[in-house]
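Inspection log for the structure reproduced underneath, given as structure tokens.
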Amino acid sequence: MGKVNRRKFIGNLVAYNATVIVGASMLMACAKDTFDGHCNQELEYLPIQDDNPAIAFWKKKCEECGDCIEACATKQTVFGTYLASSSKHVCIHCGSCIIECEEKALTEKYHWQDVLAAIDDPSKIVIASVSPSVRVAIGDYFDMAAGSYLVGNMVGACRAVGFDYVLDTNFSADLTIMEEAGELQKRIEQKTDMPQFTSCCPAWVKYVEIYYPSLLGNLSSVRSPIAMQGSLVKSYFAEKMGINPRNIVHVAITPCSAKKYEITRDELVTDGLRGTDIVITTRELAKMMKNRKVSLTAQTGNFDSLMSAASGAGIIFGNTGGVMRAALRTAYFNITGANAAGNLMELKQVQGLTGLKEAKVAIGLTTLNVAVCYEMRNAKVLLNQVINGTCKYDFVEVMACKGGCVGGAGQPAGSSKIEKRISSLNSADIKASSRYCHENPEIKAAYTYFLGQVGSAKSKKYLHTTYNDKSHLL
Ligand code: SF4
């Protein structure tokens, strides 16, 4: 978008916010005030503070096109809701601005050199945990077909770069579902805080904390897979492997900029330790490989055991609708005692690149209304329905990025590749030896030897979290 168009866009945005932000009159006023101030400033690029833990701005590369502003304002409905002339700017760290910036003037904040420094420190045990959608995107950097499923090559490359252990965050995706399906069942029985919203996207969680704090009780209290993986690496894994957790540097390899912010949350400190020390993106993993002259295709390997086994349900976490589909499989088992089959396995109604999707699902004598959405402009529709009492849904999945994490801001660029990545994860789910997280043998072992039961005091400590009203940031 050129400068002239951008100014026209900003003018339109005042009306946009005034009409879309309903049920929150304070924000309506704020949006208007903000835009009066903003237009006066003629801002050419999104204001990113130096201390933003997730996103970096490289001014010399910026061509002042304003595409970052448009993405933040229209897709995520954040820009335009705060006073841009102040020294503080609101950011949910989703990286929509990164995705839109063709000049690469906006990127994730780089931490890959910190990982190499830890690897080179002989006193440290450096453990990688890899998110579901990294394996279907890393090949883009090495001229492989879009969506190539490269789990063996990726694990081998991580070992060649120097990680001491390589674990699969899909394990904790399965664990997330064990806890979240249990929580859903409880809410349905008690008819409290419905609908239940998923909580694995930290950009979405921060959005609710800032803009809809009265609905924090609707967010699942379950930590994201990366947050769970971190707390268990420094407790369960360290204990079983005989490692002092204080010597561990746990690195999450993710498709996501917002995870860099998530690990700074004090609510995720357990036993005095941050579960995850460094987050790097798929893009940064490729940079590390290039730095250490590691070829992806020349490497192969298997994940280390204890926290890597995953069902097909954990694999599809990277896709829009994947968390919902995974949770319903286990909710079905919990309620009926039998494994889900047929339409419930694929649930095509909640798949695909439509921003807001819905389905009706029969589980035993209960019929659940569910919705799946990505980008905050779509989530806002549902949040406002909850506020005004017209929401018909029981369970809602929300992700910030188009297509879910496969389209995250730390992935190789190219929105045309998102569908191929989605198909690739769906194929891996179908081929998995089990498609139900409640059948995962490592999950069963974690409960037997460490956590106890779903929802136990120990599960609450290591697998759940709390949220805070952040409306003061506006
Ligand atoms: Fe990160 Fe996934 Fe949320 Fe995007 S959808 S911000 S990649 S967690």
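The values are calculated or read from the model by the stated rules, or taken from the named source; none is laboratory data. Remember, predicted model here, so these are calculated numbers, not experimental data. Cβ atoms come from the backbone with ideal geometry, glycine included; neighbour counts cover every protein chain shown. Heads up: the accessible areas ignore ligands, DNA and RNA and are worked out on the full protein's heavy atoms, side chains in. Shrake-Rupley method; radii C 1.70, N 1.55, O 1.52, S 1.80 Å.
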Starting from residues that are within 16 Å of the ligand (Cβ to nearest atom) and not in a loop (DSSP other than H, G, I, E, B), keep the ones in the stretch 191-206 and report whichever is nearest to Lys392 (Cα to Cα). Phe197
Sort out for me the helices (runs of 4 or more DSSP H) sitting completely within the stretch 295-360 that have 1 or more residues that are more than 21 Å from Leu167 (Cα to Cα). 322-336, 343-346
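Using the structure shown, decide if Gln196 is at pLDDT below 95 and within 24 Å of Ile315 (Cα to Cα). So that I can check it myself, show each step before the final result.
Working: at pLDDT below 95: no; within 24 Å of Ile315 (Cα to Cα): yes.
Considered against the rule, which asks whether it is at pLDDT below 95 and within 24 Å of Ile315 (Cα to Cα), Gln196 comes out as no.
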Checked against (1) open to solvent by less than 10 Å² (accessible area, probe 1.4 Å); (2) assigned to a strand (DSSP E or B), Thr367 satisfies every condition except (1)
Looking at the stretch 142-155, can you tell me whether even one residue there is modelled with pLDDT under 95, open to solvent by 10 Å² or more (accessible area, probe 1.4 Å) and in a helix (DSSP H, G or I)? yes
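So which residues in the stretch 163-190 are assigned to a helix (DSSP H, G or I) and among the aromatic types (Phe, Trp, Tyr)? Spell out how you get there, then give the answer.
Pass one, the stretch 163-190, residues assigned to a helix (DSSP H, G or I): 170-190.
Listed by number, the list holds a single entry, Phe171.
Mind listing whichever residues of the stretch 79-131 are of a type in the set (Gly, Ala, Ser), more than 24 Å from the chain's Cα centre (by Cα) and either part of a helix (DSSP H, G or I) or buried (at least 16 other Cβ atoms within 10 Å of the Cβ) (or both)?
Start the filter on the stretch 79-131 by keeping residues that are of a type in the set (Gly, Ala, Ser), which leaves 80, 84-87, 95-96, 105, 117-118, 123, 128-129, 131.
Then drop every residue that is not more than 24 Å from the chain's Cα centre (by Cα), which leaves 84-87, 117-118, 123.
Scanning the stretch 79-131 gives Ala84, Ala117, Ala118.
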May I ask you to list the residues in the stretch 22-67 that are over 17 Å from Ser85 (Cβ atoms) and at pLDDT below 50? Val22, Gly23, Ala24, Ser25, Met26, Leu27, Met28
If Ala331 passes every condition in (1) under 24 Å from Met144 (Cα atoms); (2) open to solvent by less than 20 Å² (accessible area, probe 1.4 Å); (3) more than 16 Å from the ligand (Cβ to nearest atom) but one, which one does it miss? (1)
Residue satisfying all of: in the stretch 213-227; more than 13 Å from the ligand (Cβ to nearest atom) and crowded, with 23+ Cβ neighbours inside 10 Å; farthest from Glu267 (Cα to Cα) among these: Ser220
Expected output for the stretch 152-174 (first residue on the phi > 0 side of the Ramachandran plot and touching a residue at least 60 places away in the same chain (Cβ under 8 Å), partner outside any helix (DSSP H, G or I) and open to solvent by less than 10 Å² (accessible area, probe 1.4 Å), Cβ below 9 Å, 6+ apart or cross-chain) is Gly162/Val126
